[in-house]
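A quick write-up on the structure given underneath.
Just so you know, all these numbers are worked out from the coordinates, no wet-lab data involved. These figures come from a predicted structure and were not determined experimentally. Positions of Cβ are generated from backbone atoms using ideal geometry, with glycine treated the same way; all protein chains shown enter the neighbour counts.
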Amino acid sequence: MEKFAGSLRDTDRANAKYELMGVPFDDNATLKGAREAPNAIRHASHRLETFLWRDKLELSDLLYYDSGDLDISHLDFDTDRRRIFFGGDHSITYPLFKYYFERQALTKMVVIDAHADFRDTYLNNRYSNACVMRRVAELAGFENVIEVGIRSASWDEYEFMKDRISIYDEDIDEIPHDKLYLSIDIDVLDPGIAPGVEDPEPCGLSLAALIALVRRIISEGDVIACDIVEVNPSLDVKNGITSINAARLVFEILAAYWHSDTSSE
């Protein structure tokens, strides 16, 4: 299997400070194809330089390891190392968050998404990707869920969630200092630059704006784990720009993790 660009070799895995894991799962999506995203994002990463110009930082020096794909139905990993998961439809976020939450490794969820994903059920499935944040809030407490970038919801969702959780259109007033899980649905980006998604929603963020937001959350909060979801290569344009943008987000998160860790030393 092709590994993420800049990943440590298998023989050096024990030296890794950060770990990448693919989650090839789309059983709870209506339009299938997101299960192909991990390999598409890995492949796209090799089309990008691992040197981040703005940071003057060579990412391969950060000691991260791509450990391959994860079976979402059989989770078994330590919670001490910062990770980036890349899926996969958005429903993967609930079992991942639950795994950390039950081990008291984190307390709050911050999600960046075009959609509220707060339905109680969708197409008779309570674990649909359209219901994922409702399940997270029921588990962790509604006061522990923050949604950013929302620009689409049903009326019922809005009426239910508006007085229960913190909701922000494009930014967040204050980053909680708690241990956080950060979930990024790639459809928060404008579909003009991220067309390969199940439910494209017009008037989205630029990649630069999303990167700045993600970097701020990691800098001011304590992000233990992060996921990037809803890339669907079968719906993308020929040059694979959605997977390329997702790969760049992984690089930016790694850099933000490193800056956060080194600034506290």
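If only residues of segment 109-126 that are surrounded by 24 or more Cβ atoms within 10 Å (Cβ to Cβ) and not aliphatic (A, V, I, L, M) are counted, the one that is nearest to Ile228 (Cα to Cα) is Asp113. Scanning segment 237-265 for residues that are in contact with a Pro (Cβ under 9 Å, 6 or more places away or on another chain) and either of a type in the set (Gly, Ala, Ser) or buried (at least 22 other Cβ atoms within 10 Å of the Cβ) (or both) yields Gly240, Thr242, Ser243. For segment 160-186, filtered to residues that are of a type in the set (Val, Ile, Thr) and in a strand (DSSP E or B), the residue that is farthest from the chain's Cα centre (by Cα) is Ile167.
For segment 79-86, does any single residue satisfy the condition of being in contact (Cβ under 8 Å) with a residue 24 or more places away in the chain, in contact with a strand residue (DSSP E or B) (Cβ under 8 Å, 6 or more places away or on another chain), surrounded by fewer than 24 Cβ atoms within 10 Å (Cβ to Cβ) and in a loop (DSSP other than H, G, I, E, B)? Scanning segment 79-86, I find at least one residue that is in contact (Cβ under 8 Å) with a residue 24 or more places away in the chain, in contact with a strand residue (DSSP E or B) (Cβ under 8 Å, 6 or more places away or on another chain), surrounded by fewer than 24 Cβ atoms within 10 Å (Cβ to Cβ) and in a loop (DSSP other than H, G, I, E, B), so the answer is yes.
Just name the residue that is nearest to Leu63 (Cα to Cα) out of those in segment 22-34 that are crowded, with 21+ Cβ neighbours inside 10 Å and not small (Gly, Ala, Ser). Among them, the one singled out is Val23. Of all residues in segment 187-239, those that are under 12 Å from Leu249 (Cα atoms), touching a Leu at 6+ places or on another chain (Cβ under 8 Å) and β-branched (Val, Ile, Thr) total 3.
Scanning segment 98-117 for residues that are part of a loop (DSSP other than H, G, I, E, B) and under 15 Å from Asp187 (Cβ atoms), we see that the one that is nearest to the chain's Cα centre (by Cα) is Asp113. Screening Pro200 with (1) within 25 Å of Thr107 (Cα to Cα); (2) outside any strand (DSSP E or B) gives one miss only, at (1).
Here is the figure for segment 208-237: residues that are among the charged types (D, E, K, R) and either part of a helix (DSSP H, G or I) or without any contact (Cβ under 8 Å) to a residue 24 or more places away in the chain (or both) total 3. Entry remark, segment 35-62: residues being surrounded by fewer than 16 Cβ atoms within 10 Å (Cβ to Cβ) and in a loop (DSSP other than H, G, I, E, B) number 7 in total.
Of all positions in segment 140-157, at least one carries a residue that is exposed (fewer than 14 other Cβ atoms within 10 Å of the Cβ), over 25 Å from Glu19 (Cα atoms) and in contact with an Asp or Glu (Cβ under 9 Å, 6 or more places away or on another chain).
Here is a yes/no grid of residues against (1) under 17 Å from the mean Cα position of the chain (by Cα); (2) not aromatic (Phe, Trp, Tyr):
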residue	(1), (2)
Ser45	yes, yes
Leu48	no, yes
Arg54	no, yes
Glu58	no, yes
Leu63	no, yes
Arg82	yes, yes
Phe85	yes, no
